[in-house]
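A quick write-up on the structure given underneath.
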Amino acid sequence: MMSKEKKNGLVGVGRMGANMARNLKDKGYQISCVNDVDNDIAGALAEELGCDHASTLAEVTEKSDIILTVVTNDAAMEAIFFDSADNLFIEASGKLFINCATLSPAMHIKLEQKAAEMNAHTLEGCMASSITQAREGTLYLMIGGKREVFESAKDLLDDLSVNLRFVGEAGRAAQVKALVNMVMNINTAALAEGLGIGDALGLDLKMLCEIFSQTGANSRVLETDSDDMLDRDHECYFSADHAAKDSGIAIEVAEKAGVQVPLAKATLAQY
């Protein structure tokens, strides 16, 4: 059965989750229900999409075949999957959970193991993109889990993304995503410092960015963020809190592997 023939629910419909839901709705997917800790946000989105506003997590599972979660961190995942009073694993047999937050690798492994006990399945759908890409269905998605589960949902994942990579077993995509964000955070801090020094020296910052782009100072962050830095545009697409969380995950992964990461730690201290 194709994913468009299945019922799809979402938990966590902030700016990323809501725009993923809108994209799927536009592409013909059945959105069964949405749920969020902010009832007003979930209610407004449910009305917009013409779906149910699930008042409980168990209701999301009951009404959906595939459940996408887009929450903040490991603690939020513990709350939605393991709370004794209400959680997504209630009557979860046969369901697929695609978990899109940046989490620790250990959390994804724990979720897959618990799902297996319920005759359910999980995938990690780690995203290296932002709000615009969520709305347009052009996310960069890194998938971890069982290959056959990935193949069963590949049509939906393709419609969420422009770059789709199956990384490996549960936890592997989270490791890669942590390293992606660690390097991105270091590059962001370095670019900000370089431009700050350039400003203090009275250099033409547009010229400086052009030279950066043509030399070893070039980076993806320069391409995506330099204009906002020059314009002092502080609209938030990716918060310092989230950057700190992700650098923290990468540092934990590194330390477990016996690797010292002084730059990552210095960047974490800034965020």
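Each reported figure results from applying straightforward, stated rules to the coordinates on display, with no laboratory input. The structure presented is a predicted model; accordingly, all values stated were derived computationally and were not measured. So basically every Cβ, Gly included, is an ideal-geometry build from the backbone, and we count neighbours across all protein chains shown.
Multiplying the residue separation of residue 190 and residue 266 by 0.36 nm and removing their Cα-Cα distance gives an extension gain of 26.3 nm. In this rough spin-label picture, where each label sits 7 Å from Cα along the Cβ direction, the residue 114-residue 40 distance is 3.0 nm.
The packing ranking, built from the mean of other Cβ atoms within 10 Å per residue, places the peptides 81-87, 163-169, 243-249 in the order 243-249, 163-169, 81-87, highest first. When the Gaussian network model of the chain links Cα atoms closer than 10 Å, the mean-square fluctuations of 147, 172, 232 top out at 232.
For the chain, the longest principal axis of the Cα atoms and the long axis of helix 240-256 meet at an angle of about 90 degrees. When we measure straight from the Cα of residue 63, which aspartates and glutamates land under 13 angstrom away, once same-chain ones fewer than 8 places off are left out? Residue 63 reaches 52, 91.
Longer than 30 Å from Cα to Cα, which of 95/256; 110/265; 4/245; 27/245; 4/177 are they? Say none if no pair is. Exceeds cut-off: 95/256; 4/245; 27/245. Packing-based ranking of 212-219, 149-156 yields 149-156, 212-219, ordered from highest to lowest mean Cβ neighbour count within 10 Å.
Residues considered: 145, 258, 171. Largest GNM mean-square fluctuation over the chain, using C-alpha springs under 10 Å, is found at 258. The helix-only estimate of mean residue ellipticity at 222 nm for the chain, built from DSSP H runs of length n ≥ 4 each weighted as -39500 (n - 2.57), is -16500 deg cm²/dmol after division by the residue total. On a 0 to 90 degree scale, rounded to 10, what angle separates helix 172-200 from the longest Cα axis of the chain? Tilt relative to the chain: about 30 degrees. Between residue 214 and residue 234, the distance separating the two model label sites (each 7 Å from Cα on the Cα→Cβ line) works out to 3.4 nm. Inter-part distance, the range 1-78 to the range 165-234, computed on C-alpha centroids, equals 32 Å.
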